[in-house]
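> One structure, pasted below without further comment.
The values are calculated or read from the model by the stated rules, or taken from the named source; none is laboratory data. If you're wondering where the values come from, they're calculated on a predicted model, not measured in any experiment. Cβ atoms come from the backbone with ideal geometry, glycine included; neighbour counts cover every protein chain shown. Note: areas computed on protein heavy atoms with side chains; ligands, DNA, RNA excluded. Shrake-Rupley method; radii C 1.70, N 1.55, O 1.52, S 1.80 Å.
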Amino acid sequence: MCNDRTFKQKEQRLKEYEMVSNRNLQQDDTELGYRDMNTRFLNAEIEHLSSKEDVDINKVREDHIRKKNAIESAWHKNSAASVMNLKKRAPKKGSEKEARYYSGYGLKDLEVFLKNSDRGGNSDEYNAVATDLELYNRIMDSSDAVEGMGLLKRLKESCDHYLSTRKNPVTSKGKIRKAIITSLSEKVNVELVRQREEYQNAHKNNFAAMKDENTSENVTAAFKSNYNMIFQVLNGNIELSDEERMKLDSDSEEILSELIKLEVDQNQSKALCTKFFNALGWSKNDPRIVNYEEFAGKEMKNSPHKKLCYHSIAPLDKLDENGKVIGKEKDAIPQAKQLAGFAKEGKGVYYGIGRIGKGVYTAARDNNPDAKDAEAKHNSWRYGREKGSVMFTMLLNEHARITTESDMIVISATIRKTFPKLYNYIVSHESGKFLDYLTMFAAYMGYNTIIGAGADHVEYITTSNRKALTMQDNIEVRTNENDEYLTDELSLTELKKQEMQKADA
C-alpha cells in the first residue's frame, strides 16, 4: 500500500533525481525514463490518483504510454552505434544468449545493451530493470555514494522479478534479454555484498583507530563511517541483529562524545550540530552562485522546488571590552561572505537556530494558490529590519534532498526506537527552544533540507548543506530600517574577488 504521504515522498525524491539526471544529460541521452516506465512509481501514482475525482486515470495512463513509446524509440536509435562498438570488444565467452557473454561489461555497458534491445515494445518488467539501472548510473555520477546502496537494492528486486517471470524464453531476443539481466543481477549482487562489507569494516576499523588515538582526524573518520552505517540501517539497506544494532548504538554515543570536543571555525557556533556537519563535510560545501539570467532560467527549471527562497541577515551586535552591547555593526556583509563561502575566517556555515533544526533558514511562498513571492520576501525581512541588513535570493537545486517537518517528527520517533543512545545524546546536547536537533536526524536519512509550515502564505525551509542552494549573484543591502524597499545591490562575485585580492596582498 502507498498512502498519500508515502507517494509524495517518492515523488519528491524522483523530482530530485530527475533534476540531477537532466542537468547532466549527454549527447543522445534521453531524459530519465523512470517516471513513465517504472512500475514501482507508476503503480504508486495510480493508487495515489485513484481517489481523486478530478483526475482521469485513463488519460494519465495514455500519457505515460505515449511517453514510454517515444523513449523506447529514442533508446533504440541512440544506442545503435554504442552497441556495435561494445560488441567489437566483446570477450570471447559464449554467445549473446548466455550470461557469461556479458561478464566483461560494466553496468553502464549493460544499460546500453538493455536500451538497444527491440521487441516491438518492452514489457513492464523489462523497463523496470532498464530504468532502475539508468537511474543508478546517472545518479551515482553526481551524488553522494551513500545513496547508491538503496538504488542497487531496487535494481536487484527488479532483476529478480524479471528473471522469475522469464524462466524459459523461446525467442532469440528473449534469450538475449534474459542473458543480459542475468549477468546484471550477478554483478549487482556482488556489488551489494562488497558495499555491505565495506561499510561494516570501515566502521569497525575507524572506531578501533579512534579508541586507540582520539585525534581529530580519527574522530572525524569514525564519525563518517558510523554515519554511513546508521544511514544504511535506517534506510533498510543493511540488516543487523538486535545485538549488532545495540553495539552500533553504543559506538555512536561514544563517537559523538568525542566529536563534541572538536574545534570549529572562528565564526561558527560551538554546538554539536556544527561539529556534526563539519565532520560530515557538509558545512564546507560551496553554494552555487549564478547571474540573474541563469538563475531565472536554467536554475529555476532544474529546481525540484521551483520557488524563490529568501534569507536575511541582520548586523551583529557591537560589544565593548566587557562584552556589553553598545550598538550594531554597520552592516552584515561579513556574515554574507561567510554564508556565500568565502569569508577569510573560514568557509564553514554558521548553523543558526530556528523552528525546524539548525541550518540556513529561508522563507518561500507556500502551496496556497494565492501565495506570492513578495509575501515570503517581506516575511524574511522581519529578521533583517536594521539598516545594513543583507538579503539573499536563492533556489533549492538538484542536490537538495527534501523532507517535511511533519515527516521528520515521525522519522525521529523511529530513530529513537532503533538507536536510543544516539537519539538521547543528540537531543540532550541540542535541546533548545525549538527542534534544534532535527536537521541532524534528517541527515541520517539522507535529507539536507526540511520544509515546515510558516504563516501568512509562507513556508520556512532549513538547509544543512549549501551544496543544495543556488544563490542569485546580486544581494540586497538595506539602506533604511523603516522601508524594506530601499536597498542597494552588491555582487557576490565582486565581493569574492575583493576578498581574494586582500588575501593576495
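> So what are the chain's ellipsoid semi-axes, whole angstrom, largest first, if each one is the square root of 5 times an eigenvalue of the alpha-carbon gyration tensor? The partial results should precede the final answer.
On the way: eigenvalues 386, 161, 96 Å².
Semi-axes from the Cα gyration tensor: 44, 28, 22 Å.
> Dipole size in debye (nearest 20) for region 239-348 around its Cα centre, Lys and Arg Cβ +1, Asp and Glu Cβ -1? Don't skip to the answer; put the middle values down first.
Numbers: 18 positive and 21 negative charges, 176 e Å.
Dipole magnitude for region 239-348 comes out near 840 debye.
> Here is a follow-up. Could you provide, to the nearest whole Å², the per residue accessible area of the chain with probe 1.4 Å?
Details: 24390 Å² over 505 residues.
Accessible area per residue: 48 Å².
> Please list 3J(HN,Hα) in residue order for region 447-461, calculated via the Karplus relation 6.51 cos²θ - 1.76 cosθ + 1.60 where θ = phi - 60°; whole Hz, with x for glycine and proline.
8, 10, 9, 10, 9, x, 6, x, 7, 6, 6, 10, 10, 9, 10
> Apply the Kirkwood formula to region 1-153: the hydrodynamic radius equals the inverse of the mean of 1/r over all pairs of different alpha-carbon atoms; give it in Å with one decimal. Display every interim value, and only then the final one.
On the way: mean 1/r = 0.0590 Å⁻¹.
Computed over Cα pairs of region 1-153, the Kirkwood hydrodynamic radius comes out at 16.9 Å.
> For Met300, Met229, give me the order by solvent-accessible area with a 1.4 Å probe, most accessible first, ignoring ligands, DNA and RNA. Could you put the intermediate results ahead of the total?
Working: Met300 50, Met229 10 Å².
My answer, sorted largest first, is Met300, Met229.
> I'd like to know which of Val264, Leu155, Gln200 lies farthest towards the positive end of the charge dipole of region 141-300, counting +1 on Cβ of Lys and Arg and -1 on Cβ of Asp and Glu.
Leu155
> If you don't mind, another one. Set the Förster distance to 60 Å, then compute FRET efficiency between Lys173 and Asp317 from the Cβ-Cβ distance, nearest 0.05. Write out the running numbers ahead of the final one.
On the way: r = 73 Å, r/R0 = 1.22.
FRET efficiency, Lys173 to Asp317: 0.25.
> Another question, then. Applying a 10 Å radius around every beta-carbon, put 479-488, 24-33, 184-193 in order of their mean neighbour count, most first. Write down the numbers at each step before the final one.
Details: 479-488: 12.1, 24-33: 14.1, 184-193: 17.5.
Ranked from most to least packed, the peptides come out as 184-193, 24-33, 479-488.
> By accessible area of protein heavy atoms, probe 1.4 Å, what ranking do Phe276, Phe342 get, highest first? Walk me through the numbers on the way to the answer.
Values: Phe276 0, Phe342 25 Å².
Output order, biggest surface exposure first: Phe342, Phe276.
> Which value in nm describes the separation of the simple spin-label points at Val325 and Asp504, placed 7 Å from the Cα toward the beta carbon?
Output for this residue pair reads 4.1 nm.
> Note the angle between two axes, namely the Cα long axis of helix 57-88 and the longest principal axis of the Cα atoms of the chain, as a number of degrees from 0 to 90, rounded to the nearest 10.
70 degrees
> Same structure, new question: Choose one of Thr171, Cys273, Ser283: the residue whose Cα lies farthest towards the positive end of the charge dipole of region 162-304 (beta-carbon charges +1 Lys, Arg; -1 Asp, Glu; about the Cα centre).
Towards the positive end, the residue furthest out is Thr171.
> If you don't mind, another one. Given 0.36 nm per residue, what is the gain on full extension from Asp483 to Arg382 after removing their alpha carbon distance, in nm?
Details: separation 101, 0.36 × 101 = 36.36 nm, distance 1.13 nm.
Fully extending the segment from Asp483 to Arg382 adds 35.2 nm.
> Shifting gears a bit: With the crude spin-label approximation of a point 7 Å out along Cα→Cβ, what separation in nm comes out for Ala80 versus Asp124?
3.1 nm
> Students often forget the sequence filter, so: which aspartates and glutamates lie under 14 Å Cα-Cα from Lys247 once same-chain residues fewer than 8 apart are removed?
Answer for Lys247, where 14 Å is the Cα cut-off: Glu239, listed by chain and number.
> Would you work out the charge dipole size for the chain about its Cα centre, treating the Cβ of every Lys and Arg as +1 and the Cβ of every Asp and Glu as -1, and quote it to the nearest 20 debye? Please report the intermediate quantities before stating the final value.
Numbers: 78 positive and 80 negative charges, 367 e Å.
Dipole of the chain, to the nearest 20 debye: 1760 debye.
> What value, in deg cm²/dmol to 500, does the helix sum -39500 (n - 2.57) over DSSP H runs of n ≥ 4 give at 222 nm once divided by the residues of the chain?
After summing the helix terms and dividing by the residues of the chain, the value is -17000 deg cm²/dmol.
> Would you mind getting me the FRET efficiency between Arg61 and Val193? Use the beta-carbon distance for r and R0 = 60 Å, nearest 0.05.
0.95
> Which one, Gly94, Leu32, Asn58, projects farthest toward the positive side of the charge dipole computed for region 1-145 from Cβ point charges (K/R +1, D/E -1)?
Gly94
> Could I ask something else about it? With charges only on Cβ, +1 for K and R and -1 for D and E, what is the dipole size of region 111-174 about its Cα centre, in debye, rounded to 20? Walk me through the numbers on the way to the answer.
Working: 9 positive and 11 negative charges, 71 e Å.
The dipole of region 111-174 has a size of about 340 debye.
> Taking all protein chains in place and a 1.4 Å probe, what share, in percent, of the accessible surface of the chain do carbon and sulfur account for? Don't skip to the end; give the middle numbers.
Numbers: 11730 of 24390 Å².
Roughly 48 percent, rounded to a whole number.
> Mean 1/r over all different Cα pairs, inverted: what Kirkwood radius does region 1-84 give, in Å?
By the Kirkwood definition, the hydrodynamic radius is 14.3 Å.
> Under a 5 Å amide H to amide H cut-off, with H placed in plane at 1.01 Å, what residues pair with Thr487 once short-range neighbours are removed?
HN-HN under 5 Å from Thr487: Thr479.
> Next question. Taking the highest mean first, how do the peptides 409-417, 82-90 order by number of other beta carbon atoms within 10 angstrom per residue?
On the way: 409-417: 14.4, 82-90: 12.2.
Order by mean packing, descending: 409-417, 82-90.
> Could I ask something else about it? Evaluate the distance, in nm, between pseudo-label points positioned 7 Å from the Cα of Lys433 and of Ala374 along their respective Cα→Cβ axes.
Result: 3.1 nm between the two label points.
> For region 334-466, just run the numbers: alpha carbon Rg, then divide by 2.2 N^0.38 Å, N being how many residues it has.
Values: Rg = 15.7 Å, N = 133, 2.2 N^0.38 = 14.1 Å.
Taking the Cα Rg and dividing by 2.2 N^0.38 Å, one obtains 1.11.
> Only bridges whose two residues both fall in the chain count here: according to DSSP, what percent of them are antiparallel, nearest 5? It would help to have the intermediate numbers written out before the result.
On the way: 31 of 37 bridges.
Taking every DSSP beta bridge with both residues in the chain, the antiparallel ones total about 85 percent.
> Kindly write out, for region 112-128 in residue order, the coupling ³J(HN,Hα) from the Karplus curve 6.51 cos²θ - 1.76 cosθ + 1.60 (θ = phi - 60°), rounded to whole Hz, with x marking Gly and Pro.
5, 4, 5, 6, 7, 5, 10, 10, x, x, 8, 6, 4, 5, 5, 5, 4
> Using mean Cβ contacts within 10 Å as the protection proxy, how do 447-456, 157-166, 42-51 order, highest first?
Values: 447-456: 20.2, 157-166: 17.1, 42-51: 15.2.
Going from most to least packed, we get 447-456, 157-166, 42-51.
> Something else now. Could you calculate the FRET efficiency of Ser241 with Arg89 from 1/(1 + (r/R0)^6), where r is the beta carbon distance between them and R0 is 41 Å, rounded to 0.05?
Details: r = 45 Å, r/R0 = 1.09.
According to the calculation, E is roughly 0.35.
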